[in-house]
Amino acid sequence: RSLIVRRLLGLEDAISLGVVDPIRDERGWRFPEPDPVTGATFLSELYLSTDPEFDGRHTVPCIWDTEAKRLVTNDFPVITTTMELEFTAFHRQGAPDLYPEALRPEIDELNERVYHTVNNGVYKCGFATAQEPYEEAFDALFETLDMLEERLAGRRYLFGSEITEADVRLYPTLARFDAVYFSHFKCNLRRLTDYPNLWAYARDLYSIPAFRETTDFDHIKRHYYVTQKMINPSGVVPKGPLIDWTEPHGREALAQPR
């Protein structure tokens, strides 16, 4: 999400980027080469240099302040809205308004449901250790996907003709769905490609450079299948699925109700 918003708003010059290796071991996230800005090899070094007593998870995404030389946030839901609302002086000319004031209550309401049942819902399925909570999360996930499929039948994006924060938050889960969540997390009632509107919508977003060029299917598959040994003990990474994300989506002429 953070990479998509950074690219959509043209913040590349204001916010530089360090990408960790998708394979994470007991030492946590690692930079393939020492990070040129901070010199860190492991992300944990940045957390501990900011707070030597920190004993929480060393998560991505996070923001490092190059002047204060410290981490300032790893609050992933807030990072994107901070870019949208607090970095306006650095937005490129003509940058989209991803969080329009008039729509914020509706965007927040939809995002809340999508987070609990879709973004985090796949993890509730994948890491469930008992049948009942797995089935509850599974049912809630596909109930929301069915709702989104219906919502997208008559509008190009979740709130009409323009991309918003809601689209940014939904997309990464859709991008990972058939490659990882369907099999690895046992979210196997339907594939993304079984939803005509959702699948076309996901391809529509993928056709935009900010989405396509920040989506790395190799990183996605290797991270989940190699590092989550409690689910995939062999560490074998599947070769499939064979999916054409560049297939024409045909959503340009949709009506645009909110």
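The values are calculated or read from the model by the stated rules, or taken from the named source; none is laboratory data. Treat the numbers as computed from the prediction; the structure is a model and nothing was measured. Please note: Cβ atoms are built from the backbone with ideal geometry, for glycine as well, and neighbour counts cover all protein chains shown. Just so you know, the surface numbers come from the protein's heavy atoms only, side chains and all, with ligands and any DNA or RNA stripped out. Shrake-Rupley method; radii C 1.70, N 1.55, O 1.52, S 1.80 Å.
Once label points are set 7 Å from the Cα along Cα→Cβ at both residue 245 and residue 120, what is their separation, rounded to one decimal in nm?
Reported label-point gap for residue 245 and residue 120 is 2.6 nm.
For the chain, what relative contact order do you get, as a whole percent, if you take Cα pairs closer than 8 Å and at least 6 residues apart? All intermediate terms of the calculation are to be shown ahead of the outcome.
Working: 303 pairs, mean separation 49.2, N = 258.
It comes to 19 percent, rounded to a whole number.
Which of the GluC sites (Glu not before Pro) across region 63-128 are loop residues per DSSP, with 10 or fewer other Cβ within 10 Å?
For GluC sites (Glu not before Pro) across region 63-128 that sit outside H, G, I, E and B with at most 10 neighbouring Cβ atoms in 10 Å, the list reads 67.
Report the gain in length on full extension from residue 54 to residue 93: 0.36 nm times residue separation, minus Cα-Cα distance, nm rounded to one decimal.
Working: separation 39, 0.36 × 39 = 14.04 nm, distance 3.96 nm.
The residue 54-residue 93 span can extend by a further 10.1 nm.
Which of the listed residues, 90, 32, 127, is farthest toward the dipole's positive end in region 1-130, when Lys, Arg count +1 and Asp, Glu count -1 at the beta-carbon?
The Cα lying farthest towards the positive end belongs to 127.
Under the √(5λ) rule applied to the eigenvalues of the Cα gyration tensor, what semi-axes describe the equivalent ellipsoid of region 128-206? Give them in Å, descending. Provide the component values of the computation, followed by the final result.
Numbers: eigenvalues 114, 32, 25 Å².
Equivalent ellipsoid of region 128-206: 24, 13, 11 Å, largest first.
What whole-number value in cubic angstrom gives the convex hull volume per residue for the C-alpha atoms of region 1-50? Write down the numbers at each step before the final one.
Values: hull volume 4.8 nm³, N = 50.
Considering the Cα atoms of region 1-50, their hull volume per residue is 96 Å³.
Calculate, for region 1-52, the solvent-accessible area per residue in square angstrom, rolling a 1.4 angstrom probe over the heavy atoms of the protein chains. Numbers along the way, then the final one.
Values: 2770 Å² over 52 residues.
For region 1-52, the solvent-accessible area averages 53 Å² per residue.
Length gain on complete extension for the stretch residue 186 to residue 14, per 0.36 nm per residue less the alpha carbon to alpha carbon distance? Walk me through the numbers on the way to the answer.
Numbers: separation 172, 0.36 × 172 = 61.92 nm, distance 3.99 nm.
Length gained between residue 186 and residue 14: 57.9 nm.
Roughly speaking, what is the centre-to-centre gap between region 11-66 and region 192-217 when only Cα atoms are used, to the nearest Å?
Result: 28 Å between the Cα centres.
If the limit is 24 Å between Cα atoms, which of 69/221; 186/229; 69/229 go over it? Don't skip to the answer; put the middle values down first.
Working: 69/221 33 Å; 186/229 15 Å; 69/229 35 Å.
Over 24 Å Cα-Cα: 69/221; 69/229.
Express the C-alpha Rg of region 150-192 as a ratio against the empirical globular expectation 2.2 N^0.38 Å, rounded to two decimals. It would help to have the intermediate numbers written out before the result.
Details: Rg = 12.3 Å, N = 43, 2.2 N^0.38 = 9.2 Å.
For region 150-192, the normalised Cα radius of gyration comes out at 1.33.
Can you name the helices of the chain, as whole DSSP H runs, whose Cα span along the helix axis is 20 Å or more and whose Kyte-Doolittle mean is not below -1.0? Please report the intermediate quantities before stating the final value.
On the way: long enough: 131-151 (30 Å, -0.81).
What comes out of the filter, once short or polar helices are dropped, is 131-151.
With a cut-off of at most 10 other beta carbons within 10 Å, and DSSP calling the residue loop, which trypsin sites (Lys or Arg not before Pro) in region 204-251 qualify? Please list them.
Working: sites: 212, 221, 222, 229, 239, 251; in loops: 229, 239, 251.
Here the trypsin sites (Lys or Arg not before Pro) that fit, given the DSSP loop and packing criteria, are 229, 239.
Over the chain, what percent of the accessible surface lies on carbon and sulfur atoms, probe 1.4 Å?
Values: 6950 of 13660 Å².
With neighbouring chains kept in place, the figure for the chain is 51 percent.
Evaluate the relative contact order of region 1-111 (contact order divided by residue number), counting alpha-carbon pairs under 8 angstrom at least 6 apart; express in whole percent. Present the calculation step by step, with values, prior to reporting the outcome.
Working: 106 pairs, mean separation 27.7, N = 111.
So the answer I get is 25 percent.
Quick one: Kirkwood hydrodynamic radius for region 60-119, alpha-carbon pairs, angstrom, one decimal? Spell out each step's value before the answer.
Values: mean 1/r = 0.0744 Å⁻¹.
Kirkwood hydrodynamic radius for region 60-119: 13.4 Å.
Tell me, how many Å apart are the Cα centres for region 119-176 and for region 220-249?
The two parts, judged by their Cα centres, are 19 Å apart.
Apply 1/(1 + (r/R0)^6) to the Cβ-Cβ distance of residue 162 and residue 63, taking R0 = 25 Å, and write down the FRET efficiency to the nearest 0.05.
Working: r = 26 Å, r/R0 = 1.04.
So, using R0 = 25 Å, E works out to roughly 0.45.
If the viscosity is 0.890 mPa s and the temperature 25 °C, what Stokes-Einstein diffusion coefficient in µm²/s follows for region 7-104 when Rh is the Kirkwood radius over Cα pairs?
On the way: Rh = 15.0 Å.
After rounding, the answer is 164 µm²/s.
Choose one of 4, 46, 228: the residue whose Cα lies farthest towards the positive end of the charge dipole of the chain (beta-carbon charges +1 Lys, Arg; -1 Asp, Glu; about the Cα centre).
Projecting each Cα onto the dipole axis, the largest value belongs to 228.
Counting C-alpha atoms alone, how compact is region 51-200: give Rg to one decimal and Dmax as a whole number, in angstrom.
Spelled out, the Cα radius of gyration and Dmax of region 51-200 are 17.6, 52 Å.
Once you order the gyration tensor axes a ≥ b ≥ c over the Cα atoms, which shape class does region 210-253 get: rounded for a/c under 1.5, otherwise prolate or oblate by comparing a/b with b/c? Provide the component values of the computation, followed by the final result.
Numbers: a/c = 3.66, a/b = 2.45, b/c = 1.50.
Because a/c hits 1.5 or more and a/b exceeds b/c, region 210-253 counts as prolate.
Taking the Cα centre of region 160-205 as the origin, how large is its charge dipole in debye, to the nearest 20, when only Lys and Arg (+1) and Asp and Glu (-1) carry charge on their Cβ atoms? Kindly include the intermediate steps, with their values, before the conclusion.
Values: 6 positive and 6 negative charges, 63 e Å.
Here the size comes out at about 300 debye.
What percentages make up the Cα-Cα pair-distance distribution of the chain when the bins are 10 Å wide from 0?
6, 27, 36, 24, 7, 0
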